[in-house]
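Worksheet: one structure, shown below.
The values are calculated or read from the model by the stated rules, or taken from the named source; none is laboratory data. Just so you know, these numbers come straight off a predicted model, no measurement behind them. Every residue, glycine among them, receives a Cβ derived from its backbone with ideal geometry; neighbour counts consider all protein chains shown. Note: areas computed on protein heavy atoms with side chains; ligands, DNA, RNA excluded. Shrake-Rupley method; radii C 1.70, N 1.55, O 1.52, S 1.80 Å.
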Amino acid sequence: MKLSQNSCKRQMPANSEGLPSLKRDLQNAKLFLQQRTASGESLYDHLSNVIAKVVDERPKDVLEYFELFSQRVREETFRTNEGNMLENNYKKPEHLVTALKLLPTIIEKSEQPIKATVGNDDETLKKSTKGDEGDVIYCKKLSEDLCELQFYWNLLGIGFPREEVLKLSCSVEKLKAHAAIASCRFWGKMLGLKKDYYVVETTLTKSAFSDWIVSCIPQHMEEKECLPTESLASESNPIPLTTSASMMMKKADDKDSVSDLRDKMKRMPTEWKFSLKNFPVSQYRPHTANYVTEKEIEYGVDRHVYFVCTDLGDDWIPLPQETSHHINISRQIKKYLTGYLDSYLILDSESYILERNYLRALIARISAGTHISPRNFYKFQSDDNENFFDDLDDDDDDDDNDASSNNEKPIKVNSAYRPWSIKKLLQLDYWQHHKVQITEYSNSGFFLKKGKVTDENDRKLDEENNVSRDTDDKGDDNDDDDGREIANNGIKPETPIPLFASCSGDQLTNDAMSPWTIRLSDVVETLVSVQSHVWPGAFAFVKDRICDNIYIGYGLKSSSTNATPPAIPNETLDNREDS
Amino acid sequence: MNINQFRECLDLLSYSGFTLTEMESARIENSLIILQNEYKLCDIFFLARIETTGVGYYYIAFGYIKDILKDQQFFYSTNGYEWFVLPRVKPKRIEIAKKIKSYFQGDPAHVDFACLDPREFVIEDDGSVIPCHRSLKKIKEEDRLSCFVARLIHDSAVLPRGVLYRQVTQCITFNPCFRGLSRLEAENLKNFQHFRTPINGCNQNLLKREDYNYQTDFFDTIDDDNSFSAKINDRNIGLIRSLKYPGMISFHKLNSMYQGFVYLGNGQENLDWQFMIPI
């Protein structure tokens with residue numbers, strides 16, 4: 001710099017004000033660069049910032065991405081400016097809400113000291129503080145089952161990171177503390193579009209369960225009364241054809257409503273009357289028939305009550321018990337869950353379902369299809385002569401002597417179970433279902449045996465829609481044919497599928513491949529996992545005497561073809577009423 | 001999932017509910033580093049683990065030499081440590097591969113048959129309808145795999161905005177300046193881009209933003225096709241799941257450079273996803 005200045009001076013002998021000189025040019029250039037823009041910044045500041053940053057940080061090959069680098073520096077200056085302006089405004093930490101929710105669940109428990117021996121607490125997460133007495137350890141005991149099971153899932157590459165497992169077990173512990181709940185188990189996670197559901201399977205105590213059943217029934221009735229189509233019809237002034245048609249179908253048997261409709265038709269503009277003159281009135285009664293009874297709910301597919309929550313730390317919400325109606329509709333629907341329990345899933349003008357019911361039906365179907373365990377792992381609770389001590393949970397005491405089939409007897413872990421050898425566990429013959437299978441008419445055998453006859457029409461409809469592509473796991477072609485005959489004759493039902501059926505009998509409906517894949521863990525020798533291909537996302541594992549099932553997925557049953565929505569039932573088109 | 005950030009990315013991935021097992025990840029990580037050295041690749045990524053009808057999986061990885069979109073080189077493996085080059089994709093093969101709906105068999109040499117034209121068929125004596133021999137096309141499983149991977153990436157691989165950028169030489173590479181999206185940015189799907197050569201016009205993509213940047217914003221954004229479900233959990237991890245290919249997960253830890261996408265699935269496309277989204 002100095003050199004060049006000297007050389008300049010040599011060329012310019014006099015340095016008066018009016019004459020060009022390097023110093024003046026430099027000053028001018030600097031002044032130009034220092035011009036402030038509307039934002040109060042100047043290019044000079046920016047360039048010096050960028051150069052300072054390059055020299056400070058010494059990034060590699062900065063020339064290659066110099067534009068981006070410069071842009072980043074500029075963005076940073078804006079950020080700091082913004083920060084200065086808002087300095088006085090306090091901003092809440094992002095995770096304040098979750099922290100507030102979670103902390104009580106963690107603290108609450110640890111205040112209740114549990115006397116624990118040091119020996120038996122491996123793999124349980126605990127916070128131990130030494131009390132005044134030397135040998136007493138106050139420890140926070142989380143549901144060790146959950147943590148232990150999740151530990152094995154993690155070995156298999158399934159399940160959640162440790163931090164989330166901790167949160168989950170805190171949250172489940174909170175639920176467990178409720179008096180009505182006898183036992184609970186983490187069932188899995190249902191993925192939704194906006195939120196995911198964590199699902200916990202619980203067994204209620206006997207009194208609480210009967211209360212729960214009673215409380216379930218009015219819910220169903222209410223739903224039937226507020227059908228969405230009706231509300232639509234009442235709102236829109238000139239009734240669109242489709243809605244009025246569906247209204248007629250809804251209340252075809254109800255004469256008052258039909259006459260109401262006629263009145264409405266008279267009020268319509270003339271061009272509408274033309275098309276509605278001989279409008280078919282259907283005798284078809286939609287599937288909201290009156291057979292949703294206490295019995296059905298009580299002896300539904302299973303007697304567990306499921307709780308869900310979308311954000312860990314929130315309250316757990318119980319799902320209503322499933323009914324055959326909901327299961328039938330859920331078989332026809334292939335939709336993503338949204339994450340909001342009160343949203344509707346609409347199949348057509350006839351069939352719609354609340355997301356909570358759909359979710360419950362899905363859980364029932366998935367459990368029935370994919371909950372498996374090694375043979376002899378579970379046994380019926382009633383036929384135990386040897387061990388009284390295993391029956392400590394007296395909630396499901398079996399006084400239902402009328403339970404004629406095996407399916408209604410509660411099951412429990414077989415204390416005499418001896419782990420099979422790994423070689424045997426790698427064969428499907430040594431695995432069995434331990435949930436009641438859902439039959440074609442979408443309920444357990446018990447309900448059918450009791451002779452609650454569904455409409456023959458409904459049955460036909462159900463069958464057309466479901467059987468061909470969806471009989472949970474058990475859809476042999478032969479079974480389908482049998483079912484069709486039965487439906488046509490209106491004679492009563494197929495025998496329920498026995499409870500502890502072997503998995504080797506399972507079939508995928510459309511494919512030649514096996515519905516299960518059994519894998520040996522590559523880390524722990526005696527850990528065997530089974531994956532379901534019928535419900536992708538469902539897994540089971542066994543290690544010695546520990547066995548568990550989990551489901552993480554969207555609740556979609558695998559199908560190699562497109563889902564086809566069911567056709568409009570013929571009844572709506574055929575039966576016309578003469579007007 | 002860049003192999004340099006393999007462990008960090010696996011941790012992020014585990015928030016989705018599925019991840020690789022310890023043994024698998026160790027095998028894959030080390031063998032891929034060796035593979036990168038052998039092929040003199042600039043970067044190497046683990047892409048997918050695809051279930052087969054048997055016990056095994058297909059593992060897919062890819063690397064690039066200079067331009068991350070144009071010079072991709074794909075590899076597959078059946079055991080997680082012996083890698084083979086995946087054959088090039090041809091448009092004809094994609095058409096054939098689309099028709100095959102079954103699971104992968106696990107044997108690269110297995111040959112599948114597909115009928116391209118369903119109108120050409122023969123009725124057998126017993127009444128069964130079989131496709132005409134003429135219209136039956138055969139495809140090796142290896143080729144089918146490459147077609148599947150190409151479609152998978154094209155439709156469902158997602159990167160946060162600013163991860164890739166175009167140099168002055170038109171070469172697309174990773175942006176070393178990328179420091180992650182903020183929470184506010186991540187809540188907008190416009191800030192996530194498809195990992196593919198853009199199919200929308202450059203102007204169309206640029207005009208979506210007011211503050212567009214030529215170098216980064218010429219990619220297609222994912223807000224146009226509704227085939228993604230995005231969530232941000234309270235650990236500041238954004239997970240974007242593809243609805244079209246269940247099992248494809250793109251993850252990004254906010255305010256950090258960690259991002260990636262992995263497919264852990266059964267190789268099946270969800271054909272109905274458009275009808276499954278609430279209206």
In segment A:544-579, residue surrounded by the most Cβ atoms within 10 Å (Cβ to Cβ) [restricted to those that are within 11 Å of chain B (Cβ to nearest Cβ) and modelled with pLDDT of 85 or more]: A:Tyr551
Residues being at pLDDT 75 or above, facing chain B (nearest Cβ under 9 Å) and assigned to a loop (DSSP other than H, G, I, E, B) - total across segment A:502-525: 5
Hits in segment B:45-64 - residues which are out of contact with any helix residue (DSSP H, G or I) (no Cβ under 6 Å at 6 or more places or on another chain), at pLDDT 90 or above and aliphatic (A, V, I, L, M): B:Leu47, B:Ala48, B:Ile50
Helices (runs of 4 or more DSSP H) wholly inside segment B:1-111 that include at least 2 residues being within 14 Å of chain A (Cβ to nearest Cβ) and crowded, with 18+ Cβ neighbours inside 10 Å: B:6-13, B:22-39
Matching residues, segment A:319-348, being more than 18 Å from A:Asp196 (Cβ to Cβ) and away from chain B (no Cβ under 14 Å): A:Pro320, A:Gln321, A:Glu322, A:Thr323, A:Ser324, A:His325, A:His326, A:Ile327, A:Asn328, A:Ile329, A:Arg331
Per-region count, segment A:199-212, residues touching a helix residue (DSSP H, G or I) at 6+ places or on another chain (Cβ under 6 Å) and part of a helix (DSSP H, G or I): 1
Near pairs, Cβ below 7 angstrom, 6+ apart or cross-chain, from segment A:161-177 (open to solvent by less than 30 Å² (accessible area, probe 1.4 Å)) to any residue that is among the β-branched types (Val, Ile, Thr) and at pLDDT 85 or above: A:Val172/A:Val200; A:Leu175/A:Val200
Top-ranked residue in segment B:214-231 [being of a type in the set (Val, Ile, Thr) and touching a helix residue (DSSP H, G or I) at 6+ places or on another chain (Cβ under 6 Å); ranked as nearest to the other protein chains (Cβ to nearest Cβ)]: B:Ile222
Answer residue from segment A:199-217, given it is aliphatic (A, V, I, L, M) and under 21 Å from the mean Cα position of the chain (by Cα) and is farthest from the other protein chains (Cβ to nearest Cβ) among those: A:Val200
Helices (runs of 4 or more DSSP H) within segment B:129-215 that include 3 or more residues among the polar types (S, T, N, Q) and either free of Cβ contacts under 8 Å to residues at least 60 places away in the same chain or exposed (fewer than 13 other Cβ atoms within 10 Å of the Cβ) (or both): B:202-206
Output for segment A:526-538, where each listed residue is within 15 Å of the chain's Cα centre (by Cα) and either more than 10 Å from chain B (Cβ to nearest Cβ) or polar (S, T, N, Q) (or both): A:Trp535, A:Ala538
The listed residue being in a loop (DSSP other than H, G, I, E, B), more than 14 Å from every other protein chain (Cβ to nearest Cβ), closer than 22 Å to B:Glu8 by Cα and of a type in the set (S, T, N, Q), out of B:Ser250, B:Ser256: B:Ser256
Pairs with Cβ under 6 Å, 6+ apart, first in segment A:61-79 and more than 7 Å from chain B (Cβ to nearest Cβ), second of a type outside the set (A, V, I, L, M) and open to solvent by less than 80 Å² (accessible area, probe 1.4 Å): A:Val62/A:Phe69; A:Val73/A:Asn49; A:Val73/A:Lys53
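For every residue, the table says whether it meets (1) of a type in the set (A, V, I, L, M, F, W, C); (2) at negative phi; (3) modelled with pLDDT under 85; (4) not in a helix (DSSP H, G or I).
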{"position": "A:Tyr138", "(1), (2), (3), (4)": "no, yes, yes, yes"}
{"position": "A:Asn154", "(1), (2), (3), (4)": "no, yes, no, no"}
{"position": "A:Glu164", "(1), (2), (3), (4)": "no, yes, no, no"}
{"position": "A:Arg185", "(1), (2), (3), (4)": "no, yes, no, yes"}
Search result, residues across segment A:174-198 that are in contact with a helix residue (DSSP H, G or I) (Cβ under 6 Å, 6 or more places away or on another chain) and either within 11 Å of another protein chain (Cβ to nearest Cβ) or closer than 15 Å to A:Trp316 by Cα (or both): A:Lys174, A:Ala180, A:Cys184, A:Phe186
Residue tally, condition more than 11 Å from every other protein chain (Cβ to nearest Cβ) and either part of a helix (DSSP H, G or I) or within 22 Å of B:Ala150 (Cβ to Cβ) (or both), over segment B:232-247: 4
